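The values are calculated or read from the model by the stated rules, or taken from the named source; none is laboratory data. Just so it is clear, the structure is predicted and the values come from calculations on it, not from any experiment. Virtual Cβ from ideal backbone geometry, glycine too; neighbours counted across all protein chains shown. Quick note on the areas: whole protein, heavy atoms, side chains included, nothing else; ligands and nucleic acids left out. Shrake-Rupley method; radii C 1.70, N 1.55, O 1.52, S 1.80 Å.
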Amino acid sequence: MVFADSEAFSGFSVNDIAAAREFYGTTLGLPVSEVQDMGGLMRVHLAGGRDVLVYEKPGHVPATFTILNFPVKDVDAAVDELIRRGVSFERYDGMPQDAKGVMRGNGPDIAWFTDPAGNILAVLAAA
């Protein structure tokens with residue numbers, strides 16, 4: 001297979017790379033780095049040696065689906081910590097979410113939030 005040994009990576013756009021750097025690096029506490037010689041690009045370093053490329057795009061339109069899922073041991077603790085860091089959790093019509101915004105009982109417990117560009121992220125109970 002032509003891609004069997006390829007170390008593929010994912011990417012997504014934002015409307016303001018500086019705001020994204022602050023959010024992913026400071027608010028979420030993830031390591032971020034600039035992509036040399038390519039202004040408006042950064043890498044977010046995820047656990048397990050995975051990276052995601054984040055790029056500034058004129059006319060950015062937020063994804064309408066979850067672009068990053070963060071499995072955690074304790075969803076409630078993660079939600080509480082993110083709220084302390086200024087993150088707001090999304091509420092979706094027809095989704096049985098509790099007061100914190102956590103949906104329980106339909107698969108793993110999960111709560112959704114957005115980055116400054118409006119892209120959807122989630123914390124969910126690790127298997």
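Using +1 on the beta carbon of Lys and Arg, -1 on that of Asp and Glu, and nothing else charged, what's the dipole of the chain about the Cα centre, debye to 20?
So the dipole magnitude of the chain works out to roughly 160 debye.
Starting from the coordinates of the alpha-carbon atoms of segment 79-127, obtain the Kirkwood hydrodynamic radius over all distinct pairs and give the value in Å to one decimal. Present the calculation step by step, with values, prior to reporting the outcome.
Values: mean 1/r = 0.0891 Å⁻¹.
It works out to 11.2 Å.
If contacts are Cα pairs under 8 angstrom and at least 6 residues apart, what is the relative contact order of segment 1-82 in percent?
Values: 94 pairs, mean separation 25.1, N = 82.
Taking the mean separation of contacting Cα pairs over the length of segment 1-82, I get 31 percent.
What number, rounded to the nearest 500 deg cm²/dmol, is the helix-based mean residue ellipticity at 222 nm of the chain, given -39500 (n - 2.57) per DSSP H run of at least four residues and division by all its residues?
Numbers: 2 runs with 16 residues, N = 127.
So the calculated ellipticity at 222 nm is -3500 deg cm²/dmol.
Would you please state the base-10 log of I(q)/I(0) at q = 0.22 1/Å for the chain, with intensities from the Debye formula using one equal scatterer on every alpha carbon?
-1.36
Which one, A18, V35, F89, is farthest towards the positive end of the dipole of the chain when Lys and Arg carry +1 and Asp and Glu -1 on their Cβ?
Positive-most Cα among the choices belongs to F89.
Per residue, how much accessible surface does the chain expose to a 1.4 Å probe? Answer in Å², no decimals. Write out the running numbers ahead of the final one.
Working: 7660 Å² over 127 residues.
Here the per-residue accessible area is 60 Å².
Tell me, what is the percent relative contact order of segment 70-123, built from C-alpha pairs under 8 Å that lie six or more residues apart?
Reported relative contact order: 34 percent.
In bins 10 Å wide, starting from 0, what share of all Cα pairs of segment 1-69 does each bin hold, as a percent?
Whole-percent P(r) values from 0 Å outward: 19, 51, 25, 5.
On a C-alpha basis, how far is the centre of segment 76-92 from the centre of segment 11-57 in Å? Whole number, if you could?
20
Probe radius 1.4 Å, ligands and nucleic acids ignored: give me the carbon and sulfur share of the accessible area of segment 58-113 as a rounded percent.
56
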